[in-house]
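The values are calculated or read from the model by the stated rules, or taken from the named source; none is laboratory data. Predicted model only: the values in this text are computed from it and were never measured. We place every Cβ from the backbone using ideal geometry, glycine too, and count neighbours over all the protein chains shown. Quick note on the areas: whole protein, heavy atoms, side chains included, nothing else; ligands and nucleic acids left out. Shrake-Rupley method; radii C 1.70, N 1.55, O 1.52, S 1.80 Å.
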Amino acid sequence: VVALLSHVGLDVGADHHFVVRREVAGDTAVADLVLSSGEFKVVIENKLDAIEQPWQCRRLADDHPEAQALIFLTPTGRAPATARAEDPWHSVRWSLIAKFLEALRDSSPAPGRHIAQDYLSTLRRELP
């Protein structure tokens, strides 16, 4: 999480412990992932094959005005088509997530290391 947030220009220390919630319903849209740590909040919208819903990214930004970043995660890193210029959207490609996981896997004897490897295998297979 720290590497991803650093990539989008947010300085968070390794002492942050994030809660990750899936499919978080707001007033007008559903966020795929919401990461939070105290007052710190990031919303991630993941698009694989689906197109954006009408005004989806604008609605997500309106539902989460306190978010320090909005991340649009796609296989190609394309920009969201339904975002406003003033909203803090950052386009990220899945290959960058794979690089972060590889670095974590290679530098840490963490108990979840095998999970990272399984996920990396899936990313490589599904998102060439």
For this session: Determine which single condition Thr76 fails, assuming it passes every other condition in (1) β-branched (Val, Ile, Thr); (2) in contact (Cβ under 8 Å) with a residue 24 or more places away in the chain; (3) surrounded by fewer than 14 Cβ atoms within 10 Å (Cβ to Cβ).
Result: (2)
Exercise. If you go through segment 27-52, how many residues are modelled with pLDDT of 95 or more and more than 13 Å from the chain's Cα centre (by Cα)?
Worked result: 4
Exercise. Can you name every residue in segment 1-26 that is of a type outside the set (A, V, I, L, M) and within 13 Å of the chain's Cα centre (by Cα)?
Worked result: Ser6, His7, Phe18, Arg21, Arg22, Glu23
For this session: Considering every residue within segment 5-25, establish whether at least one is farther than 28 Å from Arg125 by Cβ, modelled with pLDDT of 90 or more and not β-branched (Val, Ile, Thr).
Result: yes
For this session: Check Arg58 against each of (1) farther than 28 Å from Asp15 by Cβ; (2) within 14 Å of the chain's Cα centre (by Cα); (3) of a type outside the set (Val, Ile, Thr); (4) open to solvent by 20 Å² or more (accessible area, probe 1.4 Å) and name the one condition it does not meet.
Result: (2)
For this session: Among the numbered conditions (1) open to solvent by 50 Å² or more (accessible area, probe 1.4 Å); (2) assigned to a loop (DSSP other than H, G, I, E, B); (3) out of contact with any strand residue (DSSP E or B) (no Cβ under 6 Å at 6 or more places or on another chain), tell me where Gly13 comes up short.
Result: (1)
For this session: Output yes when any residue across segment 65-72 is in contact (Cβ under 8 Å) with a residue 40 or more places away in the chain, within 19 Å of Gly26 (Cα to Cα), buried (at least 16 other Cβ atoms within 10 Å of the Cβ) and among the β-branched types (Val, Ile, Thr), and no when none is.
Result: yes
